[in-house]
Amino acid sequence: MTTTPQFPPFGLQRRHLLGGALAAGVVQLAPWSWAATPAADAGSFMALSRYLTERDDLSARLGARMQAALQALDARFTEQTQALWQWIDASQVPLGQLNARLKAEQPALAGIPGQVMQVWYLGIAGSGGQARVVAYEFALNAQTVADKLKPPTYAYGVYGSWTSNPTTFNLQRLPVQG
């Protein structure tokens, strides 16, 4: 005679299950919604970014993530970005003269353009142990050459080579030239 195992009652009710599922859903969605929230004064950062990159098609959502990453590395970043953009806008500084004029007139802000260009073109905020990857395939260095090149991967072959079966190949003996 076989007995059916008896499980101790633990009081799981439908409302507990639904509440847990709702909580898990909120936890999964919360970080994305926070990341999508524009950082304080994204207008100055995006205006400066468009000026430096000479591109009007920059993603505001990606820009907000980039600004947040740079702000996390330097608490004064947004304030410095605002000051730099106000100075550029008021002085009508041509892009070709920016570095020379910054060094002469606003040396405290001279590093900001390099940080902004690095995060847009490389997708990396900061350097060394502080470096944070913010964008990869959407960084401007990959977009600039996207018509001919694709971002590098860990596959040791041509782009897309992992789509074919690696165990089938066609070896041919080449004649020895002497």
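The values are calculated or read from the model by the stated rules, or taken from the named source; none is laboratory data. These numbers were taken from a predicted model, which means no experiment stands behind them. Cβ placement follows ideal geometry from the backbone for every residue including glycine, while neighbour counts extend to all protein chains displayed. Accessible surface is based on the protein model in full, side chains and every heavy atom, while ligands, DNA and RNA are left aside. Shrake-Rupley method; radii C 1.70, N 1.55, O 1.52, S 1.80 Å.
Quick notes on this one:
- Yes/no for A47 being assigned to a helix (DSSP H, G or I) and among the small types (G, A, S): yes
- A Cβ distance below 8 Å, combined with a sequence gap of six or more or placement on separate chains, defines the contacts here; from the stretch 102-131, residues that are closer than 17 Å to T53 by Cα reach residues that are of a type in the set (K, R) in the pairs A110/K103; I124/R132; A125/R132.
- Every condition in (1) open to solvent by 60 Å² or more (accessible area, probe 1.4 Å); (2) modelled with pLDDT of 95 or more; (3) within 18 Å of the chain's Cα centre (by Cα); (4) not hydrophobic (A, V, I, L, M, F, W, C) holds for G114 except the one numbered (1).
- The stretch 58-71: number of residues that are open to solvent by 60 Å² or more (accessible area, probe 1.4 Å) and of a type in the set (G, A, S): 1
- Leading residue by the ranking (farthest from N99 (Cα to Cα)) among those in the stretch 117-135 that are of a type in the set (G, A, S) and surrounded by 17 or more Cβ atoms within 10 Å (Cβ to Cβ): A135
- In the set (1) under 20 Å from Y136 (Cβ atoms); (2) open to solvent by 60 Å² or more (accessible area, probe 1.4 Å); (3) charged (D, E, K, R), the condition left unmet by R55 is number (2).
- Of everything in the stretch 21-76 that is among the polar types (S, T, N, Q) and over 17 Å from P113 (Cα atoms), the residue that is modelled with the highest pLDDT is S59.
- Being within 13 Å of A125 (Cα to Cα), open to solvent by 80 Å² or more (accessible area, probe 1.4 Å) and part of a helix (DSSP H, G or I) is a condition met by no residue of the stretch 98-106.
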